[in-house]
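The values are calculated or read from the model by the stated rules, or taken from the named source; none is laboratory data. All values derive from a computational prediction rather than experimental measurement. We place every Cβ from the backbone using ideal geometry, glycine too, and count neighbours over all the protein chains shown.
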Amino acid sequence: MIRRPGHLADRTVPVGSPEPVDGLDLGLAARNVAAAGGSADRFRAEFGAGQAAAGSSALDPKHLAGIAGWRAGVLGLREDALSRIAAAMPAAADAIAATLGMDATDVEPFLEHQRTDRFWWPGRAEQRGYVCAVGGFAGLGGAWTQPPTDGRPLGPAGAFAVRTGERWWRIDADVWGSRLTPLRAVDEPEEGLGGPASLVTFPDSYLAWIHVADAA
């Protein structure tokens, strides 16, 4: 497993170089991805990979950009991207697979799993159900000066709370991205209904891990 914040699905480096598209400012799109918490570099690479694999498939470049933005870690693009993927299948399977960094034969299972499990990707079982690590030691570029503890699910899907010292934090995440927000409330956040994923902490670690017990 990784020892710094990040997603295990990102352990492979994407390869792709985007070509200019009329009516689509890729530079602005990349900056927007970064502003929304994603990786501009991964967006450019994933868009370029999907673009190269698109061939004659009628996948709108703007739709491809939305899918690449989600793959680059923008949580807010999840629902739109899944809708675009479903609408473009199976004709654009190769382009979608290249954008998501998976085999074309994995796209349909991925889409099916994502309807009920926002943390699923084809390689999760190999990682024993671990999805991503958030937080990290502030002295090494992370967010926290004390190890996290008391992890718990919140009401919304993919949302958790965790405490470091006297401060509570909210974690929002899915298979590709995560967002860490300090909570202003003084009171301890109320635990919500848990889903398939849980938040795992360790006494000697500054990372909080999202883990799914049913890794398959």
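Under 23 Å from residue 124 (Cα atoms) and surrounded by fewer than 16 Cβ atoms within 10 Å (Cβ to Cβ): is that true of residue 31 in this structure? Even if it seems obvious, please write down each step before you answer.
Working: under 23 Å from residue 124 (Cα atoms): no; surrounded by fewer than 16 Cβ atoms within 10 Å (Cβ to Cβ): yes.
No, not satisfied.
Would you mind telling me which numbered condition in (1) free of Cβ contacts under 8 Å to residues at least 60 places away in the same chain; (2) touching a Phe, Trp or Tyr at 6+ places or on another chain (Cβ under 6 Å) residue 31 fails?
Going through (1) free of Cβ contacts under 8 Å to residues at least 60 places away in the same chain; (2) touching a Phe, Trp or Tyr at 6+ places or on another chain (Cβ under 6 Å) one by one, residue 31 breaks only (2).
Going through 156, 147 one at a time, which residue ends up being within 19 Å of the chain's Cα centre (by Cα), in a loop (DSSP other than H, G, I, E, B) and either more than 13 Å from residue 211 (Cβ to Cβ) or among the hydroxyl-bearing types (Ser, Thr, Tyr) (or both)?
Every option except 156 fails the conditions.
Would you mind stating whether residue 140 is outside the structural domain of residue 81 (by TED's automatic domain parsing), more than 18 Å from the chain's Cα centre (by Cα) and under 23 Å from residue 42 (Cα atoms)? Outline the logic, then answer.
Numbers: outside the structural domain of residue 81 (by TED's automatic domain parsing): yes; more than 18 Å from the chain's Cα centre (by Cα): yes; under 23 Å from residue 42 (Cα atoms): yes.
When the stated conditions are applied, residue 140 passes them.
Can you find, within segment 110-135, the residue that is nearest to residue 5 (Cα to Cα) among those that are surrounded by 13 or more Cβ atoms within 10 Å (Cβ to Cβ) and free of Cβ contacts under 8 Å to residues at least 24 places away in the same chain?
Once the filter is applied, the top-ranked residue is 122.
Of the residues in segment 186-208, how many are within 17 Å of the chain's Cα centre (by Cα) and outside any loop (DSSP other than H, G, I, E, B)?
Of the residues in segment 186-208, 5 are within 17 Å of the chain's Cα centre (by Cα) and outside any loop (DSSP other than H, G, I, E, B).
Take the residues in segment 47-80 that are hydrophobic (A, V, I, L, M, F, W, C) and closer than 15 Å to residue 37 by Cβ, then tell me which one is surrounded by the fewest Cβ atoms within 10 Å (Cβ to Cβ). Please lay out each step first, then the result.
Step one: list which residues in segment 47-80 are hydrophobic (A, V, I, L, M, F, W, C), which gives 47, 49, 52-54, 58-59, 64-65, 67-68, 70, 72, 74-75, 77.
If we keep only those that are closer than 15 Å to residue 37 by Cβ too, we end up with 68, 70, 72, 74-75, 77.
Details: 68: 34, 70: 29, 72: 29, 74: 26, 75: 19, 77: 23.
By that ranking, first place goes to 75.
Restricting the search to segment 162-216, which residues are among the acidic types (Asp, Glu) and surrounded by fewer than 21 Cβ atoms within 10 Å (Cβ to Cβ)?
Within segment 162-216, the subset among the acidic types (Asp, Glu) is 166, 172, 174, 187-188, 190-191, 204, 214.
Hits for segment 162-216 are 166, 172, 187, 188, 190, 191, 204, 214.
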